[in-house]
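Worksheet: one structure, shown below.
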Amino acid sequence: MIYGPPRQAVKSLETLNTSSQAIWSLINGKSTDPVPPSGVISGTDIRDVAALHVRAVETAATASEDRRLLAVAFHRFNCQYVASLCKSFADSPEKQQRIKNGGGDPMYEHYDADSSEAEVLLGRPFIDADQCLKDTALRLWEIESMLSS
């Protein structure tokens, strides 16, 4: 999951990275459009990923080790993302009209992930899915506006 690409890096919304494109596919239409099937259902806010990289370098014990940490902050299906978006933008009819809200694939049982070691290194809880999604949507709409002007 990504907060949003740098303004100068995006020349077209068709060239978004995979994570941003997945969110864009939920907010770039009409509320009557069908929700696309869920892809990867695990996510982590890119701000947390960046902070973990910095903390790993700054922390002497971690920096000297050759190891990997699992950093999965949340698991969400597209229907859950849509519900979160609708709640986040409940006071914005123009944004509500852009959020696809018809159908979506069914949720299914999936794996869990223990990312507690990464969260300890981060030194705070991961940014939650709702905040990550809201910030990403706002950033993508901002980029769309910038590109259209």
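The values are calculated or read from the model by the stated rules, or taken from the named source; none is laboratory data. This one's a predicted model, so the numbers in the text were calculated from it and none came from an experiment. Don't worry about glycine lacking a Cβ; one is built from the backbone with ideal geometry, like all the others, and counts go over all protein chains shown.
In region 51-71, which residue that is touching a helix residue (DSSP H, G or I) at 6+ places or on another chain (Cβ under 7 Å) and part of a helix (DSSP H, G or I) is modelled with the highest pLDDT?
Ala51
Condition check ((1) surrounded by 12 or more Cβ atoms within 10 Å (Cβ to Cβ); (2) touching a residue at least 40 places away in the same chain (Cβ under 8 Å); (3) in contact with a helix residue (DSSP H, G or I) (Cβ under 8 Å, 6 or more places away or on another chain); (4) of a type outside the set (Gly, Ala, Ser)) across all residues:
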position: Ala73; (1), (2), (3), (4): yes, yes, yes, no
position: Gln96; (1), (2), (3), (4): yes, yes, yes, yes
position: Asp114; (1), (2), (3), (4): no, yes, no, yes
position: Asp128; (1), (2), (3), (4): yes, yes, no, yes
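For region 96-107, does any single residue satisfy the condition of being part of a helix (DSSP H, G or I), within 17 Å of Lys30 (Cβ to Cβ) and at pLDDT below 95?
The first filter runs over region 96-107 and keeps only residues part of a helix (DSSP H, G or I), leaving 96.
Checking which are within 17 Å of Lys30 (Cβ to Cβ) leaves us with 96.
After this cut, where a residue has to be at pLDDT below 95 as well, the list is 96.
There is at least one residue in region 96-107 that is part of a helix (DSSP H, G or I), within 17 Å of Lys30 (Cβ to Cβ) and at pLDDT below 95.
Here's a check for you: in region 130-149, which residue that is among the polar types (S, T, N, Q) and loosely packed, with under 12 Cβ neighbours inside 10 Å is modelled with the lowest pLDDT?
Ser149
Quick check on this structure: which one of Asp48, Asp91 is over 21 Å from Leu122 (Cβ atoms), of a type in the set (Asp, Glu) and either buried (at least 17 other Cβ atoms within 10 Å of the Cβ) or at pLDDT 95 or above (or both)?
Testing whether each residue is over 21 Å from Leu122 (Cβ atoms), of a type in the set (Asp, Glu) and either buried (at least 17 other Cβ atoms within 10 Å of the Cβ) or at pLDDT 95 or above (or both) leaves just Asp91.
Report yes if Arg124 is surrounded by fewer than 16 Cβ atoms within 10 Å (Cβ to Cβ), at pLDDT 95 or above and part of a loop (DSSP other than H, G, I, E, B), otherwise no.
Yes.
Would you check if Glu119 is touching a Pro at 6+ places or on another chain (Cβ under 8 Å) and in a helix (DSSP H, G or I)?
Here the answer is yes, as Glu119 does meet what is asked.
Please determine whether any residue of region 84-94 is of a type in the set (A, V, I, L, M) and in a loop (DSSP other than H, G, I, E, B).
yes
Are there any pairs, at least 6 apart or on different chains, whose C-beta atoms fall under 7 Å, with the first in region 21-41 and basic (Lys, Arg) and the second part of a loop (DSSP other than H, G, I, E, B), and if so, which?
Lys30/Gln97
Evaluate region 75-82: report whether one residue or more is hydroxyl-bearing (Ser, Thr, Tyr) and buried (at least 17 other Cβ atoms within 10 Å of the Cβ).
Among the residues of region 75-82, at least one is hydroxyl-bearing (Ser, Thr, Tyr) and buried (at least 17 other Cβ atoms within 10 Å of the Cβ), which makes the answer yes.
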